[in-house]
Amino acid sequence: GRAPIFKGYVPTTGKGAAPLIQPAGTIGSLSLWRDWSSIWESKADLFAPETVQGFAQLDTFAGQFFGVREFGPDVLGAFEPHWRLVVAAQDYESIKPVPDVKLPGFALVTELNAPDSDFAQRLKVAFQTFVGLSNVDAVQKKGPPFELVSEQVDGITLATARFMLPSTKAPAATPADQRYNFSP
């Protein structure tokens with residue numbers, strides 16, 4: 001009984017949000033159902049024209065990261081509608097070097113639609129490109145660069161980035177050299 005513009009917010013009968021993720025030390029966990037592709041397609045009905053123009057720019061910009069795909073149907077549509085966010089405490093002393101700013105661990109968890117065979121690889125390349133651009137910005141601001149990392153956890157390959165460890169022969173620290181404990 002809802003207007004079609006809201007179909008991306010409400011699942012069909014019998015479907016809903018995925019179970020919460022609750023690792024040891026969970027601070028918070030959120031699970032929601034959102035069909036971002038449907039929401040994207042309804043943007044002209046949901047937002048002011050000026051905002052829709054901004055979304056058009058995002059569509060063009062994001063397409064460059066994903067092999068000239070349309071952002072709504074091809075990028076957002078490649079994800080299942082189950083989105084989960086989990087925040088958990090960390091053992092800061094086990095992180096080397098120990099971070100100056102101690103933040104909890106966090107993860108956004110979603111799944112990809114099976115039919116899109118090469119999107120997972122394109123998503124990884126888009127992440128690597130974003131990290132590379134972030135490193136260019138960090139160098140200009142004399143900040144620490146990110147190091148790309150690939151690791152296997154329970155048979156799943158994770159592509160992550162972490163701040164590069166400071167050299168033991170590095171010059172005196174500057175305010176931009178603070179160590180954070182999060183990895184995008």
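The values are calculated or read from the model by the stated rules, or taken from the named source; none is laboratory data. All figures in this text were calculated on a predicted structure; none of them were measured in a lab. Here the Cβ is made from the backbone with ideal geometry for all residues, glycine too, and neighbour counts use every protein chain on show. Side chains included, ligands, DNA and RNA excluded: accessible areas come from the protein's heavy atoms. Shrake-Rupley method; radii C 1.70, N 1.55, O 1.52, S 1.80 Å.
Values computed for the structure shown
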item	result
Test set (1) among the β-branched types (Val, Ile, Thr); (2) surrounded by 13 or more Cβ atoms within 10 Å (Cβ to Cβ); (3) more than 16 Å from Arg34 (Cα to Cα) - Thr110 fails condition number	(3)
Selection within region 21-62 - touching a helix residue (DSSP H, G or I) at 6+ places or on another chain (Cβ under 6 Å), free of Cβ contacts under 8 Å to residues at least 12 places away in the same chain and not small (Gly, Ala, Ser)	Val52
Qualifying residue in region 74-83 (condition: of a type in the set (Phe, Trp, Tyr) and at pLDDT 90 or above)	yes
Output for region 101-139, where each listed residue is touching a helix residue (DSSP H, G or I) at 6+ places or on another chain (Cβ under 6 Å), farther than 30 Å from Ala24 by Cβ and part of a loop (DSSP other than H, G, I, E, B)	Asn113, Asp116
Counted residues, region 18-52 - those being of a type outside the set (Lys, Arg) and under 22 Å from Gly72 (Cβ atoms)	19
Residue check for Thr13: within 20 Å of the chain's Cα centre (by Cα) and of a type in the set (S, T, N, Q)	no
Complete set of residues in region 113-126 that are open to solvent by 50 Å² or more (accessible area, probe 1.4 Å) and closer than 19 Å to Phe65 by Cα	Ser117, Asp118, Ala120, Gln121, Arg122, Leu123, Lys124, Val125
Selection within region 140-159 - surrounded by 14 or more Cβ atoms within 10 Å (Cβ to Cβ) and outside any strand (DSSP E or B)	Gly143, Pro144, Pro145
Sole exception among (1) modelled with pLDDT of 90 or more; (2) within 26 Å of Val75 (Cβ to Cβ) for Asp116, by number	(1)
